[in-house]
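Read the structure below first, then the notes.
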Amino acid sequence: MELPPKQPTGSNRASGSETSIASSATVTAPAYTPEGIRSGSGVTPALITDGARAVGAVCRPFPVATVGEVKHAEFNIGSSTFTLSVKVRPDDFTSEGLSTEIYLPFVHYAKSLESQAYHDDTKAQQGLELDVDIRTTTGSHNIKGQYLTWTYPKPTREETYTIEVSRKGGAIERDVAYSQVSGTWLDVCGGCVIA
């Protein structure tokens, strides 16, 4: 079997003549960096919601690192409440300064995802910020960008510590077209066969 001859890069031979692809087009890399997204620096509502379908269902809070063993983790999407219980033993503290880190996505916990709230340049450069209520059984917490650091004391015996995070003012209201859809998949699909 003989392979067809290799086409030169940037040409079109379908019409029998070579046509170069315009070299004046430039591609600009986005200004967002992983660290910027992690810290929230320069992150805008458009970055979170533009072109994203069902991002709230996919992007959820979760423990990134824990001191101890996760006993229970639950997220209520309707109220944007995340609860984490950790079973902690004295030997879980292998070194000083250990803490539990929890990812709290802007899509559920931002102060606002309305573009007009970030219309001035100063706000857009600062990026989004979380607006949360935090209740813990013990310890202290700190927030940087989309991450909450929870530090608690080393227990003398096995203990269970719990943290509950919810957005101030309740869950962010979603786009009306998506949030007010009712019914089942069959209402959308009609006579589709789901196998």
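The values are calculated or read from the model by the stated rules, or taken from the named source; none is laboratory data. Note that this is a predicted model, so its numbers are computed, not measured. Note: ideal-geometry Cβ built from the backbone for every residue, glycine included; neighbour counts use all protein chains shown.
Just a few scattered comments:
- When the stretch 60-71 is filtered for residues that are out of contact with any helix residue (DSSP H, G or I) (no Cβ under 8 Å at 6 or more places or on another chain) and touching a residue at least 60 places away in the same chain (Cβ under 8 Å), the ones remaining, listed by number, are 64, 71.
- If you go through the stretch 55-84 and keep only what is under 21 Å from the mean Cα position of the chain (by Cα), over 19 Å from residue 168 (Cα atoms) and modelled with pLDDT of 95 or more, you end up with 63, 64, 65, 66, 70, 72, 73.
- Residues of the stretch 87-126 satisfying the condition of being farther than 15 Å from residue 161 by Cα, loosely packed, with under 14 Cβ neighbours inside 10 Å and at pLDDT 80 or above: 91, 94, 95, 96, 97
- In the stretch 145-195, the residues that are among the aliphatic types (A, V, I, L, M), at pLDDT below 50 and outside any helix (DSSP H, G or I): 181, 195
- Every residue from the stretch 64-101 that is in a strand (DSSP E or B) and touching a Gly at 6+ places or on another chain (Cβ under 8 Å): 86, 87, 88, 100
- Residue 129 vs. criteria at pLDDT below 85, among the charged types (D, E, K, R) and within 20 Å of the chain's Cα centre (by Cα): no
- Qualifying residue in the stretch 77-90 (condition: among the aliphatic types (A, V, I, L, M), without any contact (Cβ under 8 Å) to a residue 24 or more places away in the chain and under 14 Å from residue 102 (Cα atoms)): no
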